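Before I ask anything, let me first share the structure, which is written out below as structure tokens.
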Amino acid sequence: SSSITLLLILSSSSDNISSTDSNMTGQAAVDTYRSPTKRRGFFSSGKASKADTEYKILCKQMVDSLTDDEREHAARSSYKYLWKSVTFKEPMDVKELNEAREYYAMEMAMRHLSSKKGNYEVALQKFKSAIQFRKEADLDGLRLCFKADELDLDEETRQRYAMYREKLEDRMTTGRVYVCGYDKCGRAIYTIYAARTKDFDPDWFLKESLYNFERALACTERESGGVEQAITVIGNYTGFQKHHAAPMSISHEFMNCLRQNYPGRVKRVYLLNTPTSFLFFWAILKPFIGTDTRKKITFISNDRQREAAFSELISVDQAAPWMLEGGHKKREFDSEEYLQRLPFDEAFD
């Protein structure tokens with residue numbers, strides 16, 4: 001399951017929680033960020049255990065059961081592969097592209113198989129369902145729409161991409177959610193400013209969130225060289241009031257979307273200055289949340305907790321001042337730069 005959805009359903013008041021659910025200890029912040037050693041992820045070289053070997057065999061069977069179209073869309077869950085695929089031209093190496101397709105489809109299969117603890121039948125069903133979701137949601141289009149001029153598109157697709165650009169440009173002027181910086185493992189930081197909500201358009205509130213979620217995954221893939229599969233989520237609830245809260249129907253849709261289609265894609269969630277009333281909500285919700293998911297969530301309500309959590313997680317040159325004292329990420333969000341000038345797999349600086 002994906003605990004990121006809790007960021008969308010904290011919905012009652014602007015008062016702050018006075019307690020914490022943090023399990024981290026503090027240490028001095030590292031001054032500068034160093035990009036992690038680049039290596040491949042699930043299938044990196046090295047001695048594999050018997051369980052690893054068995055999982056790889058099952059993943060191969062999952063991928064072999066796909067149609068060619070399904071296999072292509074599974075591989076396109078990697079932005080690196082997506083861009084390679086849509087810009088492929090002869091006389092590029094067809095064999096190399098086919099090998100990349102197999103590799104990235106296997107990675108997606110592995111995430112679903114791992115999330116189901118090796119239950120092949122359940123994992124296969126979830127895997128195929130997630131591929132179908134990606135096609136129906138046109139996640140390729142969302143990720144590529146600002147690159148339309150570099151692609152060979154038919155007129156219908158070009159018009160659809162233009163509509164995507166218009167919607168995202170309108171929605172993202174507030175900077176409610178965007179990718180900014182990396183943690184010390186090279187995971188992109190999906191940053192949410194909960195009080196900057198524009199509106200709750202049922203379709204585009206979700207699409208805006210997915211655009212940035214996919215962008216965080218692409219940034220993580222690029223920065224870590226494929227070794228990291230998950231992102232870090234940090235939500236700032238300073239100034240949050242009741243009218244900033246997403247309706248439960250939208251929250252539930254996003255929760256279900258991430259749980260079904262993005263297993264293992266959120267490493268940790270940090271919630272700052274969350275409403276007091278959430279304590280009551282959390283007491284009700286907590287028994288229904290798996291232990292692994294609960295362990296991902298940390299509530300932060302004072303400077304000591306903030307420094308303890310983020311000094312271990314983020315270097316000061318990758319942190320906003322409200323994350324770490326002296327944080328370098330002070331620039332106001334520029335949606336035009338973020339959407340139109342930065343590559344999709346680069347975070348806002």
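Can you work out which of the residues in the stretch 180-197 that are surrounded by fewer than 24 Cβ atoms within 10 Å (Cβ to Cβ) and touching an Asp or Glu at 6+ places or on another chain (Cβ under 7 Å) is farthest from LYS84 (Cα to Cα)?
Result: CYS185.
Is it fair to say ALA74 is among the aliphatic types (A, V, I, L, M), assigned to a helix (DSSP H, G or I), in contact with a Lys or Arg (Cβ under 6 Å, 6 or more places away or on another chain) and closer than 16 Å to ARG265 by Cα?
Judged against the criteria, ALA74 is not a match.
Hey, another quick one. Against the definition (hydroxyl-bearing (Ser, Thr, Tyr) and either surrounded by 15 or more Cβ atoms within 10 Å (Cβ to Cβ) or outside any helix (DSSP H, G or I) (or both)), how does SER129 come out, yes or no?
no
For the condition among the charged types (D, E, K, R) and in contact (Cβ under 8 Å) with a residue 40 or more places away in the chain, what is the one hit in LYS147, LYS117, LYS84, LYS95?
Going through LYS147, LYS117, LYS84, LYS95 in turn, just one is among the charged types (D, E, K, R) and in contact (Cβ under 8 Å) with a residue 40 or more places away in the chain: LYS147.
With respect to ARG171, is the statement that it is basic (Lys, Arg) and open to solvent by 60 Å² or more (accessible area, probe 1.4 Å) true?
When the stated conditions are applied, ARG171 does not pass them.
If you don't mind, there's one more thing I want to ask. Can you tell which of GLU90, GLU107, GLU54, GLU96 is open to solvent by 70 Å² or more (accessible area, probe 1.4 Å) and either closer than 24 Å to CYS219 by Cα or touching a His at 6+ places or on another chain (Cβ under 8 Å) (or both)?
One residue alone meets the criteria, GLU96.
Going by what's in this entry, would ILE284 be described as β-branched (Val, Ile, Thr), modelled with pLDDT under 95, open to solvent by 60 Å² or more (accessible area, probe 1.4 Å) and more than 18 Å from the chain's Cα centre (by Cα)?
Yes, satisfied.
With loosely packed, with under 14 Cβ neighbours inside 10 Å and modelled with pLDDT of 90 or more as the only criterion, which of ARG265, ARG331 stands out?
ARG331
Which condition number does LYS117 fail, the rest of (1) at positive phi; (2) buried (at least 17 other Cβ atoms within 10 Å of the Cβ) being met?
In the conditions (1) at positive phi; (2) buried (at least 17 other Cβ atoms within 10 Å of the Cβ), LYS117 misses (2) alone.
Exactly one of these conditions fails for PHE200: (1) open to solvent by 10 Å² or more (accessible area, probe 1.4 Å); (2) under 21 Å from ALA320 (Cα atoms); (3) part of a loop (DSSP other than H, G, I, E, B). Give me its number.
(2)
Report yes if GLY175 is small (Gly, Ala, Ser), in contact (Cβ under 8 Å) with a residue 60 or more places away in the chain and touching an Asp or Glu at 6+ places or on another chain (Cβ under 7 Å), otherwise no.
Spelling it out, it is not the case that GLY175 is small (Gly, Ala, Ser), in contact (Cβ under 8 Å) with a residue 60 or more places away in the chain and touching an Asp or Glu at 6+ places or on another chain (Cβ under 7 Å).
For every residue, the table says whether it meets (1) touching a Ser or Thr at 6+ places or on another chain (Cβ under 8 Å); (2) closer than 23 Å to GLU307 by Cα; (3) modelled with pLDDT of 95 or more; (4) buried (at least 23 other Cβ atoms within 10 Å of the Cβ).
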residue: ILE231; (1), (2), (3), (4): yes, yes, yes, yes
residue: ALA246; (1), (2), (3), (4): yes, no, no, no
residue: PHE254; (1), (2), (3), (4): yes, no, no, no
residue: CYS257; (1), (2), (3), (4): no, no, no, no
residue: LEU271; (1), (2), (3), (4): yes, yes, no, yes
residue: THR274; (1), (2), (3), (4): yes, yes, no, yes
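Residues are listed down the side, and each one gets a yes or a no for (1) part of a loop (DSSP other than H, G, I, E, B); (2) over 21 Å from LYS267 (Cβ atoms); (3) polar (S, T, N, Q):
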{"site": "LEU66", "(1), (2), (3)": "yes, yes, no"}
{"site": "GLU70", "(1), (2), (3)": "no, yes, no"}
{"site": "LYS89", "(1), (2), (3)": "yes, yes, no"}
{"site": "ALA100", "(1), (2), (3)": "no, yes, no"}
{"site": "ALA123", "(1), (2), (3)": "no, no, no"}
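Within the stretch 214-225, is even one residue open to solvent by 10 Å² or more (accessible area, probe 1.4 Å), closer than 22 Å to ARG134 by Cβ and among the charged types (D, E, K, R)?
Yes, because at least one residue in the stretch 214-225 is open to solvent by 10 Å² or more (accessible area, probe 1.4 Å), closer than 22 Å to ARG134 by Cβ and among the charged types (D, E, K, R).
While we're here: Give the residue, chosen from MET172, MET110, that is over 17 Å from PRO343 (Cα atoms), modelled with pLDDT of 95 or more and not polar (S, T, N, Q).
Of the residues listed, the single one that is over 17 Å from PRO343 (Cα atoms), modelled with pLDDT of 95 or more and not polar (S, T, N, Q) is MET110.
In the stretch 150-164, which residues are of a type outside the set (Ser, Thr, Tyr) and touching a residue at least 12 places away in the same chain (Cβ under 8 Å)?
Residues satisfying the conditions are GLU150, LEU151, ARG160, ALA162.
The values are calculated or read from the model by the stated rules, or taken from the named source; none is laboratory data. Since this is a predicted model, take the numbers as computed values, not measurements. No Cβ is skipped: glycine too gets one built from the backbone with ideal geometry, and neighbour counts run over all protein chains shown. Note: areas computed on protein heavy atoms with side chains; ligands, DNA, RNA excluded. Shrake-Rupley method; radii C 1.70, N 1.55, O 1.52, S 1.80 Å.
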